[in-house]
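Peer 1: Shown below is the structure under consideration.
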Amino acid sequence: MHSFLLFKPSTEKEFPSILKWIFLFILLSFLNVFSKHLPPFLHYTLLLMLILLAGFIVYFLATNYKRFHFIKGAFYGKLSFSKQGIYFSEEWISYSEIDSITFLNHDFLGKFDRKKILFPSVSIGVQNKIIIKTKANKMYESQFQMKHDNELIRIEKYFDQNQIVWKWLAEPSDF
């Protein structure tokens with residue numbers, strides 16, 4: 001039996017954490033430029049803060065590709081594949097009831113995925129999606145987490161034994 005964790009992403013918009021530091025840098029820059037009437041001590045303290053903040057921003061952007069990109073959401077159940085069927089969260093689906101199975105994307109824990117400079121690049125493996133269509137036209141659909149690169153290959157034998165029609169669209173252009 002092979003199992004994956006089901007994942008429900010949050011609906012709220014993701015805001016890169018580095019943007020708040022960039023906005024603070026811009027604010028401090030304006031304060032430094034437009035406040036010439038400040039005492040020299042405060043002016044130089046503000047300038048030192050600007051230099052330190054600029055260094056932090058450069059460091060953050062230079063090392064951002066090494067960080068995990070945690071997507072807001074929650075794990076809510078298990079997706080388990082066995083010889084007789086699939087356990088999808090709280091429901092048992094026999095292979096005889098399944099019309100087709102589609103897997104979208106290929107994401108796993110620790111996958112390097114550099115798409116945007118402001119977001120971290122190491123995935124937590126939850127961008128996979130499964131769509132199970134039954135013969136009764138019922139759809140089961142969810143994102144799930146893969147921990148290793150080759151986990152889908154291990155469950156292929158169950159589909160072949162039960163003659164299940166399945167496809168794996170690994171690239172985003174395939175969707």
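The values are calculated or read from the model by the stated rules, or taken from the named source; none is laboratory data. Just so it is clear, the structure is predicted and the values come from calculations on it, not from any experiment. Positions of Cβ are backbone-derived with ideal geometry, glycine not excepted, and every protein chain shown enters the neighbour counts. Side chains included, ligands, DNA and RNA excluded: accessible areas come from the protein's heavy atoms. Shrake-Rupley method; radii C 1.70, N 1.55, O 1.52, S 1.80 Å.
Peer 1: Cβ contacts < 8 Å: first residue within 15 Å of Phe75 (Cα to Cα), restricted to region 122-150; second residue open to solvent by 70 Å² or more (accessible area, probe 1.4 Å) and among the hydrophobic types (A, V, I, L, M, F, W, C), any location; separation 6+ or different chain. Result?
Peer 2: These pairs meet every condition: Ile124/Phe68; Ile124/Phe70; Ile124/Leu109; Gly125/Leu109; Gln145/Phe75; Gln145/Leu109; Met146/Leu109; Lys147/Leu109.
Peer 1: Looking at (1) within 28 Å of Ala62 (Cα to Cα); (2) surrounded by 14 or more Cβ atoms within 10 Å (Cβ to Cβ); (3) among the basic types (Lys, Arg), find the lone condition where Lys129 falls short.
Peer 2: Result: Lys129 fails condition (1) only.
Peer 1: Does Ile98 qualify as being farther than 16 Å from Met1 by Cα and either open to solvent by 20 Å² or more (accessible area, probe 1.4 Å) or modelled with pLDDT under 85 (or both)? Write out each step before concluding.
Peer 2: Working: farther than 16 Å from Met1 by Cα: yes; either open to solvent by 20 Å² or more (accessible area, probe 1.4 Å) or modelled with pLDDT under 85 (or both): no.
So Ile98 fails the test.
Peer 1: Same structure again: In region 151-166, how many are touching a residue at least 24 places away in the same chain (Cβ under 8 Å) and either surrounded by 12 or more Cβ atoms within 10 Å (Cβ to Cβ) or over 24 Å from Ser96 (Cβ atoms) (or both)?
Peer 2: Here the count works out to 8.
Peer 1: Shifting gears a bit: I'd like to check something: does region 73-90 contain any residue that is out of contact with any helix residue (DSSP H, G or I) (no Cβ under 7 Å at 6 or more places or on another chain), of a type in the set (A, V, I, L, M) and either open to solvent by 20 Å² or more (accessible area, probe 1.4 Å) or at positive phi (or both)?
Peer 2: Yes, there is a match, as at least one residue in region 73-90 is out of contact with any helix residue (DSSP H, G or I) (no Cβ under 7 Å at 6 or more places or on another chain), of a type in the set (A, V, I, L, M) and either open to solvent by 20 Å² or more (accessible area, probe 1.4 Å) or at positive phi (or both).
Peer 1: Here's another thing I want to ask about it. Go through (1) basic (Lys, Arg); (2) modelled with pLDDT of 80 or more; (3) within 28 Å of Ser17 (Cβ to Cβ) and name the single condition Lys115 misses.
Peer 2: (2)
Peer 1: Here is a follow-up. Within region 119-175, track down each residue that is modelled with pLDDT of 85 or more and touching an Asp or Glu at 6+ places or on another chain (Cβ under 6 Å).
Peer 2: Hits for region 119-175 are Asn128, Ile131, Lys133, Thr134, Lys135.
Peer 1: Among the candidates Leu42, Leu48, Leu38, Leu24, which residue alone is under 28 Å from the mean Cα position of the chain (by Cα) and over 30 Å from Ile153 (Cα atoms)? First the steps, then the outcome.
Peer 2: Values: Leu42 fails: under 28 Å from the mean Cα position of the chain (by Cα); Leu48 fails: under 28 Å from the mean Cα position of the chain (by Cα); Leu38 fails: under 28 Å from the mean Cα position of the chain (by Cα).
Among Leu42, Leu48, Leu38, Leu24, only Leu24 is under 28 Å from the mean Cα position of the chain (by Cα) and over 30 Å from Ile153 (Cα atoms).
Peer 1: If you don't mind, there's one more thing I want to ask. Only residues that are in a helix (DSSP H, G or I) and either under 30 Å from Ala74 (Cβ atoms) or in contact with a strand residue (DSSP E or B) (Cβ under 7 Å, 6 or more places away or on another chain) (or both): list them for region 9-38, please.
Peer 2: Ile18, Leu19, Lys20, Trp21, Ile22, Phe23
Peer 1: For Phe70, state whether it is under 18 Å from Lys20 (Cα atoms), touching a strand residue (DSSP E or B) at 6+ places or on another chain (Cβ under 8 Å) and surrounded by 12 or more Cβ atoms within 10 Å (Cβ to Cβ).
Peer 2: Working: under 18 Å from Lys20 (Cα atoms): yes; touching a strand residue (DSSP E or B) at 6+ places or on another chain (Cβ under 8 Å): yes; surrounded by 12 or more Cβ atoms within 10 Å (Cβ to Cβ): yes.
Yes.
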